Every structure is written in structure tokens, then in C-alpha cells.
Amino acid sequence: QVQLRESGGGLVQAGDSMRLSCAASGLSFSTSSMAWFRQAPGKEREFVGAISRPTGITYYADSVKGRFTIARDSSRNTAYLQLNSLKPGDTAVYYCAVRVGPAARSSADFRSWGQGTQVTVSS
């Protein structure tokens with residue numbers, strides 16, 4: 001059974017940085033692509049970024065490109081989302097998701113999800 005657990009969210013001010021973690025179990029980390037999505041109140045869940053297997057290529061939404069970075073540590077079965085230059089518009093619940101094979105940008109392509117972690121950016 002695949003389990004994903006996010007951590008690292010909280011309240012920060014605009015311009016601050018934060019790192020989210022996604023610890024995974026019950027899957028082959030080496031063959032799984034991982035992605036981050038976010039959902040703000042009253043809005044649909046949106047793609048933030050992904051790191052693909054087996055290439056290791058990363059993909060980002062235009063809204064976060066240059067500010068957010070995805071990395072993974074296979075020895076720890078953990079993926080990370082580094083959030084820099086945070087804006088109030090980044091406020092959302094952030095979710096990690098995993099799928100076997102190459103990364104995708106649609107939430108419908110991911111079957112395993114974490115419970116989410118709240119990120120709140122004050123102005």
C-alpha cells in the first residue's frame with residue numbers, strides 16, 4: 001500500500017522561503033515519478049511541478065518557475081519542494097502525488113496522494 005506524508009507547511013511572510021517534504025512508502029521510488037499540486041480555497045487543484053522517472057527531468061507550472069524547485073532523495077524515499085520568494089498567491093494546501101512511469105501534469109493521472117500540508121503566505 002502506497003503511503004505519502006507531507007510535512008513542512010506553515011505561515012510565512014511574502015518573500016520568505018520554505019521547504020516541503022513528501023515521505024513515501026510502499027512503492028518503488030526508483031521507478032515512480034512524483035509531483036506536487038496545490039489547492040487554494042474555492043479553486044481547483046493545480047499542478048505545481050514534477051520530477052520524472054527514469055529521466056529525473058523536472059517540470060514546473062509557469063506561475064512557480066524560477067521560484068520553486070523539486071528534488072528527491074532516493075536513499076530516504078523522500079521528495080522535496082523548495083519554495084522561494086513566496087507570494088500571498090501561493091497560499092494553498094500542497095499535496096504530493098506519485099505514479100509509476102513518467103511524470104504528468106494532470107491530477108487525474110495520479111492515483112496516490114498525501115493528505116496535504118497548508119502553506120499560508122501573509123503580505
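Modelled label-to-label distance, ALA14 and SER28, 7 Å Cα→beta-carbon offset: nm?
4.7 nm
To check you understand DSSP bridge types, tell me what percent of the beta bridges within the chain (both residues inside) are antiparallel, rounded to 5.
For the chain, the DSSP antiparallel bridge percentage is about 90.
From Cα pairs below 8 angstrom and at least 6 apart in sequence, can you work out the relative contact order of segment 1-70, rounded to a whole percent?
Working: 88 pairs, mean separation 15.1, N = 70.
With pairs under 8 Å counted, the relative contact order is 22 percent.
I'd like the FRET efficiency for SER63 and ASP109, computed as 1/(1 + (r/R0)^6) with the beta carbon distance as r and R0 of 22 Å, rounded to 0.05.
Rounded to the nearest 0.05, the efficiency is 0.65.
Where the only charges are on Cβ atoms (+1 Lys, Arg; -1 Asp, Glu), what is the dipole of the chain about its Cα centre, to the nearest 20 debye?
160 debye
Once the piece of chain linking ARG45 and LYS87 is laid out straight, how much longer is it, given 0.36 nm per residue of separation minus the C-alpha distance between them?
Contour length minus Cα-Cα distance gives 13.3 nm.
Which one, PHE47, SER85, SER25, is farthest towards the positive end of the dipole of the chain when Lys and Arg carry +1 and Asp and Glu -1 on their Cβ?
After comparing all options, I get SER25.
Every read-out reported here was derived from the displayed coordinates using simple, explicitly stated rules and does not represent laboratory data. Please read all numbers here as calculations on a predicted model, not as lab measurements. So basically every Cβ, Gly included, is an ideal-geometry build from the backbone, and we count neighbours across all protein chains shown.
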